[in-house]
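Every number in this text was worked out from the coordinates using simple rules, so none of it is lab data. None of these values were measured; they are calculated from a predicted model. All Cβ positions, glycine included, derive from the backbone under ideal geometry; neighbour counts span all protein chains shown.
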Amino acid sequence: MKMRRTNKVLVVAAHADDEVLGCGGTISRHVDDGDQVAILFLADGEGSRFDVTEQHEKENSFRELSARTASKVLGVNDVFFERFPDNRMDSIDLLDVVKKIEYYIESISPDTVYTHHYGDLNLDHRLTHQAVMTACRPQPNFSVSSILCFEVQSSTEWQTPSQNTYFIPNWFVNITNYVKTKHKALSQYANEMHKFPHARSFETVECLNKWRGSSVGVDAAEAFFLARHILK
Ligand SMILES: [Zn+2]
């Protein structure tokens, strides 16, 4: 069955690389389907690891350059960075994050939004989810009809297991034809990847996508939790 055709897609990720790990194949498929895709990154990605300002700036620019290159590989030109402090997004008022997301939603009018799962171990991921859900309050004439939460290796499965945090996928996208593109995009973040058996390794990404695919009878898939869908 062909995936529902959408017109405008917004991906809201905390860090550059989350978008490829979580939904790189799906992004590429949307682009192939003729959909307009924009990606918004909220955190600067390096702040908690480098205290020296100059070094921080250098690493940050490199990460953003990687993000732009990875997005181009996926076919996306609309890439935005908000540079909230990495792994310290709880130091910002949630309302400030919500307002930024609202600005992009108002400008882009997406009908589909992809973002983090609420149960992730990484607090930026959790706050991103919460801010997206707040920004996507389904008020009259609101553009967003679908909100899908992706899984990010080394965060989604690393959370304390509980019924409240467990990632239970109920939406799958066949990415069999986009596995190579996803791998190429992920290669732009080689510095963020580790050697197998680390959860964030190229092998694990391939294994996970194969597992998600075989769960639904296709060669490779990305899995999501559908947070909301409004049939308009
Ligand atoms: Zn992340």
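Which one of 88, 63, 200 has the biggest mean-square fluctuation once the chain is modelled by GNM with Cα springs under 10 Å? Highest fluctuation among the options: 88. Build a GNM of the chain with springs between Cα atoms under 10 Å apart, and of 68, 126, 137 the one that fluctuates most is 137.
Taking the chain as a Gaussian network, Cα atoms linked when under 10 Å apart, which of 94, 21, 42 shows the biggest mean-square fluctuation? Among 94, 21, 42, the largest GNM mean-square fluctuation belongs to 94.
Would you kindly calculate the mean projected area, averaged across all directions, of the convex hull enclosing the Cα atoms of segment 174-226, in square nanometres?
4.0 nm²
Only lysines eight or more places from residue 210 in sequence, or on another chain, were considered; those with a Cα closer than 18 Å are 180, 182, 184.
Between residue 78 and residue 106, the simple label model (points 7 Å from Cα in the Cβ direction) yields a spacing of 1.6 nm.
Given the alpha-carbon gyration tensor of the chain, what are the semi-axes of its equivalent ellipsoid in whole angstrom, ordered largest first, with each equal to the square root of 5 times an eigenvalue?
Working: eigenvalues 111, 97, 63 Å².
Ellipsoid semi-axes (Å, largest first): 24, 22, 18.
Only aspartates and glutamates eight or more places from residue 232 in sequence, or on another chain, were considered; those with a Cα closer than 15 Å are 111. Helical runs assigned H by DSSP (4 residues or longer) give the chain a calculated mean residue ellipticity at 222 nm of -12500 deg cm²/dmol, each run adding -39500 (n - 2.57) before division by the residue total.
Find how much the distance from residue 7 to residue 137 grows on full extension, using 0.36 nm per residue of separation minus their present alpha carbon separation; answer in nm with one decimal. Don't skip to the answer; put the middle values down first.
Details: separation 130, 0.36 × 130 = 46.80 nm, distance 2.00 nm.
Extra length available between residue 7 and residue 137 comes to 44.8 nm.
Extension gain, residue 229-residue 202: 0.36 nm per intervening residue step, less the Cα-Cα distance, totals 6.6 nm.
Multiplying the residue separation of residue 91 and residue 176 by 0.36 nm and subtracting their alpha-carbon distance yields 26.6 nm.
Compute the convex hull volume of the Cα atoms of segment 83-149, divide it by the residue count, and report the result per residue in Å³ as a whole number. If you can, show how the numbers build up before the last one.
On the way: hull volume 5.2 nm³, N = 67.
Convex hull volume per residue, Cα atoms: 78 Å³.
Could you tell me the calculated FRET efficiency between residue 210 and residue 69, based on Cβ-Cβ distance and R0 = 25 angstrom, to the nearest 0.05? Taking R0 as 25 Å, the efficiency between residue 210 and residue 69 is 0.45.
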